[in-house]
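The values are calculated or read from the model by the stated rules, or taken from the named source; none is laboratory data. From a predicted model like this one, the values you see are computed outputs, not experimental measurements. Because the Cβ atoms are built from the backbone with ideal geometry, glycine has one as well, and the counts that use them run over all protein chains shown. For the accessible areas, the whole protein counts, side chains as well, though only heavy atoms, and no ligand, DNA or RNA atoms are used. Shrake-Rupley method; radii C 1.70, N 1.55, O 1.52, S 1.80 Å.
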Amino acid sequence: MIDDVLDIDLAAVVAEQPDPLLFATVSGAHLYGFPSRDSDVDLRGVHLLSAAELVGLREPDETRSRMWDRDGVEMDLVTHDLRKFVRLMLRRNGYVLEQLLSPLVVHTGEAHRELVSLAPGVLTSHHAHHYRGFAATQWRLFEKTGELKPLLYTFRVLLTGIHLMRSGEVQADLRTLVAEVGEAPGYLSDLIVAKAEREHGDADVDHARVAADVERLHEVLDAAQGASALPDAPSAYDALHAFVVRVRLESPGGFGVRAEG
């Protein structure tokens with residue numbers, strides 16, 4: 001839980017939001033298992049716009065983003081309106097699934113728990129494309145900067161994709177992935193320890209060796225996708241549609257109408 005990871009009260013952050021939050025979790029390096037002493041806190045979640053805000057003439061704030069300093073800690077908060085968040089879930093976006101399923105929970109409720117229960121119905125073998133592309137982006141950043149952070153991100157997303165293809169489970173913690181994915185390089189544990197000292201430190205690694213391991217894990221991900229038991233398409237579209245309608249209409253400002261079915 002969140003109290004085991006962060007020594008900071010985040011309840012006030014939730015209370016300050018202009019619209020109710022269905023959930024808020026911690027993402028980023030804390031979720032991925034390699035926070036540094038100076039890491040910022042990445043808060044992610046879902047806010048709920050009223051029906052009036054969605055059907056009126058003004059453009060609604062479907063995504064809200066804010067960065068600020070709180071008690072000496074840099075905070076980064078991003079929330080999506082429920083409809084946009086669920087649409088992202090259906091677009092094979094592993095990032096939002098990691099946020100939804102994060103064990104580092106700041107704020108939750110019945111709607112959050114129900115959405116979590118529907119998450120398996122959006123998982124497909126094509127989520128491998130998300131992790132493959134994310135890894136390529138982070139690898140390019142590592143080659144440009146030489147920093148340890150993007151290198152760990154590269155390995156993390158490749159191993160998350162492999163684990164997902166094989167198990168149907170979204171696992172974002174690199175420490176767990178090192179233990180559970182047999183092809184994970186053994187030196188990652190030492191790199192995680194090094195990352196704890198500084199957020200933007202350089203990577204003291206053999207570039208040729210890590211490049212070969214990254215290429216090898218891309219091949220492992222390709223093979224895992226080919227052998228995956230995950231379906232080609234989501235099965236939860238109708239259930240998610242009904243969920244979004246019901247939660248919206250039963251909320252304050254939802255016109256007091258219950259959804260059918």
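Assorted remarks:
- Among residues that are in contact with a His (Cβ under 8 Å, 6 or more places away or on another chain) and either of a type outside the set (D, E, K, R) or closer than 14 Å to Arg92 by Cα (or both), Gly168 is not included.
- Enumeration of residues in the stretch 8-30 that are among the β-branched types (Val, Ile, Thr) and either open to solvent by 40 Å² or more (accessible area, probe 1.4 Å) or within 24 Å of Val247 (Cβ to Cβ) (or both): Val13, Val14, Thr25, Val26
- Condition met for Gly33 (at pLDDT 90 or above, farther than 19 Å from Val245 by Cα and in contact with a Phe, Trp or Tyr (Cβ under 7 Å, 6 or more places away or on another chain)): no
- Any pair with Cβ under 8 angstrom, 6 or more apart, that starts in the stretch 106-135 at a residue that is over 11 Å from Gly94 (Cα atoms) and without any contact (Cβ under 8 Å) to a residue 24 or more places away in the chain and ends at one that is open to solvent by less than 50 Å² (accessible area, probe 1.4 Å) and of a type outside the set (Ser, Thr, Tyr): Val116/Leu100
- Residue that is nearest to Arg87 (Cα to Cα), among those in the stretch 47-77 that are free of Cβ contacts under 8 Å to residues at least 40 places away in the same chain and among the β-branched types (Val, Ile, Thr): Thr63
- Residue count for the stretch 36-63, restricted to those that are modelled with pLDDT under 95 and of a type in the set (Lys, Arg): 2
- Meets criteria (open to solvent by less than 60 Å² (accessible area, probe 1.4 Å), at pLDDT 95 or above, among the β-branched types (Val, Ile, Thr) and outside any loop (DSSP other than H, G, I, E, B)) for Val170: no
- As for the stretch 27-38, it holds no residue that is in a strand (DSSP E or B), touching a residue at least 24 places away in the same chain (Cβ under 8 Å) and more than 30 Å from Ala196 (Cβ to Cβ).
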